[in-house]
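The values are calculated or read from the model by the stated rules, or taken from the named source; none is laboratory data. These numbers were taken from a predicted model, which means no experiment stands behind them. Virtual Cβ from ideal backbone geometry, glycine too; neighbours counted across all protein chains shown.
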Amino acid sequence: MNKSKMFCFRLSESDYLRIHNKAEKAKLSMTAFILSATLGKEIIVVEGLDKSISELKAIGRNLNQLTTLCNMGKIKCLDLVVIKQKFGAIVESIADLKAR
C-alpha cells in the first residue's frame with residue numbers, strides 16, 4: 001500500500017503516553033495502532049503467548065526429528081499420529097487467536 005498522505009495532530013503528553021503504552025502492549029507501531037483503533041478494527045492482546053509459542057516450536061522440531069528417525073528405521077517408536085494431530089490443533093487454536 002502506498003502511504004502518500006501524512007496526518008498530524010496535537011495531543012497532551014499524558015494522552016501520548018497512554019497511546020504509546022497501548023501500542024507497545026499490542027506490539028504495534030504507533031501508526032498501526034492508531035489506524036487499527038480508528039478504522040474500527042478490534043485489537044486483541046493475548047499476554048504470555050511468546051513463551052508458549054517458543055515451546056510449541058521446540059516440541060514441533062522434536063516431533064519432526066523423531067518422525068524422521070522412525071521413518072529411516074533408526075529407532076522404533078510409538079505411533080505419533082495422535083500426538084501430531086493434537087499438536088496441530090494447538091497450533092491452529094493459537095493461529096485462530098491471532099486472526100481475530
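Looking at Gly60, Gly40, which one is of a type in the set (Gly, Ala, Ser) and in the same structural domain as Ala95 (by TED's automatic domain parsing)?
Exactly one of Gly60, Gly40 is of a type in the set (Gly, Ala, Ser) and in the same structural domain as Ala95 (by TED's automatic domain parsing), namely Gly60.
Restricting to the range 43-84, and then to whatever is closer than 30 Å to Lys25 by Cβ and of a type in the set (Asp, Glu), can you tell me which residue is surrounded by the fewest Cβ atoms within 10 Å (Cβ to Cβ)?
So the residue we want is Glu47.
So Gly40 ticks every box in (1) small (Gly, Ala, Ser); (2) surrounded by 10 or more Cβ atoms within 10 Å (Cβ to Cβ); (3) outside any helix (DSSP H, G or I) but one. Which box is left unticked?
(2)
For Leu28, work out the one condition from (1) in a helix (DSSP H, G or I); (2) surrounded by 11 or more Cβ atoms within 10 Å (Cβ to Cβ); (3) of a type outside the set (D, E, K, R) it doesn't fulfil.
(1)
Give me the pairs: first residue in the range 64-82 and in contact (Cβ under 8 Å) with a residue 60 or more places away in the chain, second residue surrounded by 10 or more Cβ atoms within 10 Å (Cβ to Cβ) and in a helix (DSSP H, G or I), beta-carbon distance under 8 Å, and six or more apart or on different chains, which are they?
Within 8 Å, no pair qualifies.
Starting from the range 43-62, take each residue that is modelled with pLDDT under 75 and list its partners that are among the aliphatic types (A, V, I, L, M), counting only C-beta distances under 7 angstrom and pairs at least six apart or across chains.
Ile43/Ala26; Ile43/Ala37; Val45/Ala26; Val46/Leu97
List the number of the failed condition for Phe87; all other conditions in (1) outside any loop (DSSP other than H, G, I, E, B); (2) of a type outside the set (Val, Ile, Thr); (3) surrounded by fewer than 13 Cβ atoms within 10 Å (Cβ to Cβ) hold.
Of everything listed in (1) outside any loop (DSSP other than H, G, I, E, B); (2) of a type outside the set (Val, Ile, Thr); (3) surrounded by fewer than 13 Cβ atoms within 10 Å (Cβ to Cβ), Phe87 misses just condition (3).
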